[in-house]
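Report on the following structure.
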Amino acid sequence: MFKNNILILNNISKSFSGIKVLEDISLQIEKGKVHALMGENGAGKSTLMKILVGLLQPDEGEVLLEGELISGHSVHTILGKGIAMIHQEILMVPDLSVAQNIFLGKESQKFSWLNESEINTKSKRILADLKLDISPKIKIKNLSIADRQMVEIAKAISNNAKVIIMDEPTSALSDTEVKILFGIIENLKNQGVAIIYISHKMDEIFKIADTITVLRDGKLISTQKAEELDNQALIKLMVGREISELFPVTKIEVGKTLFLIKNLARKNVFSEVNFEVKAGEVLGLAGLVGAGRSEIARAIAGLDKIDTGTIEIEGIETQIKSPSDAIKLGIGFVSEDRKALGFIPQMSIKDNISLSSFEKFSKIGFLNTEEQTKATELVYNDLKVKASGLNQKVINLSGGNQQKVVIGKVLMSNPKVIILDEPTRGIDVGAKFEIYKLINTLKAKGLAIILISSELPEILGLSDRILVLSKGKQKAILSKSEASQEKIMQYAVH
Amino acid sequence: MPFINAFRQYGIFLAFLLICCFLSYASSQFLTVSNWTIIVTQVSINALLAFGVTFVIITGGIDLSVGSIVAVAGVVAALLASQPDLPLIVPIFGGLLAGLAFGLLNGLIITKSKIAPFIVTLGIMTIGRGLALILSKGRPISNLSDSFNFIGGGDVIGIPLPIIVLVIVFIISYLLLKNTVFGRYVYAIGGNEQAAWASGINVNKIKMAVYALCGTLAGLAGILLTSRITTGQPNSGAGFELDAIAAAIIGGTSTSGGTGTIAGTLIGALLIGVINNGLDLLNVSSYYQQVIMGAIIIGAVLLDSWNQKRMAS
């Protein structure tokens, strides 16, 4: 046994109602190293992490932290022994201060009297150690998502965590913020903290990970040094098949201009935005978080007010005042915030796909469920949604399949223009690839597509032209041939 | 079919059957036509209110004003029904319109001001009670026309009219929630209001309609009650809103919105009626009845959440 192995998992197995979700997983996590855990959704990553932090108990096998058996203990005990998890969805009390959140559950007190100044000083020191410029007294709800994530990390450190699990920590972060996070991870490594890092973003993994473990269908496929792997090899391990090209390229003759905006502006958010999208064309919107990409998308889709400027669809000037206006005019919008704006969790796949088109399946207000089933089934099959059937509730689907349902809802309303805002955020490689293919199919059908993505390779791989934004201003429109990651970044940081 | 669905979704139906079995065993009077006629007649007013409240709760809202609307609508109907020369349709329309007006007022304030429905309808509840007292000058209104009194007291081929009204309203509400686009929108808004809005649903319009429907049904309940007791009572309907909410919740409607059925609510209302009736037959003091009813509300929700968990795993 290596002395450096701080955390050891021996032959972990776990089943849910007879289905094996983890099978004989053995893993060693080294001190001061970043260990990436990769795998498609449903590969068993979250189950394994839940076992590590004590939310679940393994059916077989054991977890040892510094040689001490910890499986079987409660979440609280395990946290106390030094395993902390930074969740994908941030779990903090918005109305409490940074310090109060960091010390939540372990407040310093005398005779039940809270000692606020002590936790403030302690928090200040922890934040300073992380080189973070956040006041301990500020309320969590007034922080950006990135800063909240940093506070989560500070909280883990305040617990003297020896192992920190990070589940998709960068999914809501901008590139600059990711850099800060990576700096912090370096710091933690130097302090000897082991990090288990879960992410779907390949480039990140290769930047940060020392070791990469791949899970597939609940089995451990491989554990290798990061430098022994490359993009292609890693994807192959994850999906168990070769993906010949990640971005399938379809050559399509572009048609006439479907969508045109002139001098679009929303006060203090974006201004002087001008672009057109032709039938069969993908226009990528690139820029850092806060550049105004999603804000433009929301305004076009009728979610936010437009202050000045005009929108033309097929040459006709139109007014968009609400999402319902936009949908009626043929604008489909897939929001970056799937959970908040995309679907109704308790409703069936069928009803979710119909959400913008119910009137099509009705006569004098009564629903023709037969027609509805027929129409939604087509979309359901086309998009290859993996579910037990049309009547399954969307809440029980994986992220990738939820996204397919949301796209299905938008397609059902027969849009001419479709806006995809971060369509592959938080979904696994296999589903990502299917969405890429879908974008190409829509292109071929002659839709005008506006694509927003924080993943530059995605934007570069799929767009015909790329509009770069910075601080709410349009900086450049690059053709596919002249665009490159460097060039986009040049304009984006302007 | 509604019953089978409810059975699948809510163990509460099973509980309802078990309680009925127990009461039939414990009291020979329980399972008789005359007793059930009494139960259902008594349940009808609460069920009408509960149907309306179910729509509201599914959208994620609440309506505390239905009890007061019962009183206002009752007083309005009674004032009109005590005029000797007016046709029957006038007090009926008057009562329904009073209910509709209050419902629209609720909906208008809720959608325009974004104040929480709990607070808005609490305010309207107090205003409604005050208006009922103002309109009636604080006194009961009697000497209602015979035709009006027939609504709550009469019967058709032996079936009391309130039961017939209940059945008709049940069928309409059931179809409205289950088989119409409007019904789907109601669920969608309660499930995720933002997503419903972003998907092109006119959220404010649907909410207005839901509160208007709830108010109108409360108006109808007010007419039935006034007709049954043959007087317009400004103090009637006090606390009815809580019974209606209880029926909806016992029937599986979640107060967080997005789930619930009309069939479930009917069972909830019947369960309350059956238990009150059964405890009366068994000579249990009314003080204990309240304790038992409270326990049943909590028990029903517990049962429901266990069911949900079992289905999820």
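The values are calculated or read from the model by the stated rules, or taken from the named source; none is laboratory data. None of the values given here were measured: they were computed from a predicted structure. Glycine gets a Cβ as well: all are built from the backbone with ideal geometry, and neighbour counts include every protein chain shown. What goes into the accessible areas is simple: the full protein's heavy atoms, side chains included, and nothing from ligands, DNA or RNA. Shrake-Rupley method; radii C 1.70, N 1.55, O 1.52, S 1.80 Å.
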(request) Please find, among A:32, A:61, A:72, the residue that is modelled with pLDDT of 90 or more, within 23 Å of residue A:167 (Cβ to Cβ) and in a loop (DSSP other than H, G, I, E, B). (result) A:32
(request) Among the residues of region A:321-354, write down those that are within 15 Å of residue A:416 (Cβ to Cβ) and more than 11 Å from chain B (Cβ to nearest Cβ). (result) A:330
(request) Please give the strands (runs of 3 or more DSSP E) falling wholly within region A:288-339 in which 2 or more residues are modelled with pLDDT of 95 or more, touching a Cys at 6+ places or on another chain (Cβ under 7 Å) and not hydrophobic (A, V, I, L, M, F, W, C). (result) none
(message) Restricting to region A:444-464, and then to whatever is charged (D, E, K, R) and out of contact with any Asp or Glu (no Cβ under 7 Å at 6 or more places or on another chain), can you tell me which residue is most open to solvent (accessible area, probe 1.4 Å)?
(response) A:445
(message) Checking the structure you have, find out if any residue of region B:86-93 is open to solvent by less than 10 Å² (accessible area, probe 1.4 Å), assigned to a helix (DSSP H, G or I) and either of a type in the set (Lys, Arg) or under 17 Å from residue B:231 (Cβ atoms) (or both).
(response) yes
(request) Output yes when any residue across region A:297-320 is open to solvent by less than 40 Å² (accessible area, probe 1.4 Å), in contact with a strand residue (DSSP E or B) (Cβ under 6 Å, 6 or more places away or on another chain) and within 11 Å of chain B (Cβ to nearest Cβ), and no when none is. (result) yes
(request) Look through region A:355-387, keep the residues that are part of a loop (DSSP other than H, G, I, E, B) and away from every other protein chain (no Cβ under 13 Å), and return whichever of them is modelled with the highest pLDDT. (result) A:383
(message) Report every pair of residues separated by at least 6 positions or lying on different chains whose Cβ atoms are under 8 Å apart, first residue within region A:175-203 and among the basic types (Lys, Arg), second part of a loop (DSSP other than H, G, I, E, B).
(response) A:189/A:32; A:189/A:33; A:201/A:170; A:201/A:455
(request) Run down B:173, B:227, B:199 and say which single residue is more than 30 Å from residue A:341 (Cα to Cα) and either of a type in the set (Gly, Ala, Ser) or surrounded by 24 or more Cβ atoms within 10 Å (Cβ to Cβ) (or both). (result) B:227
(request) Test residue A:344 against the criterion of being closer than 22 Å to residue B:182 by Cβ and either open to solvent by less than 10 Å² (accessible area, probe 1.4 Å) or in a strand (DSSP E or B) (or both), and give yes or no. (result) yes
(message) Out of the residues in region A:412-443 meeting the condition of being closer than 17 Å to residue A:336 by Cα and within 13 Å of chain B (Cβ to nearest Cβ), tell me which one is surrounded by the fewest Cβ atoms within 10 Å (Cβ to Cβ).
(response) A:421
(request) Could you please find all residues in region A:66-91 being surrounded by fewer than 19 Cβ atoms within 10 Å (Cβ to Cβ) and more than 18 Å from residue A:9 (Cβ to Cβ)? (result) A:74, A:76, A:80, A:87, A:88, A:89, A:90, A:91
(message) Take the residues in region A:390-402 that are modelled with pLDDT under 90 and part of a loop (DSSP other than H, G, I, E, B); name whichever of them is farthest from the other protein chains (Cβ to nearest Cβ).
(response) A:398
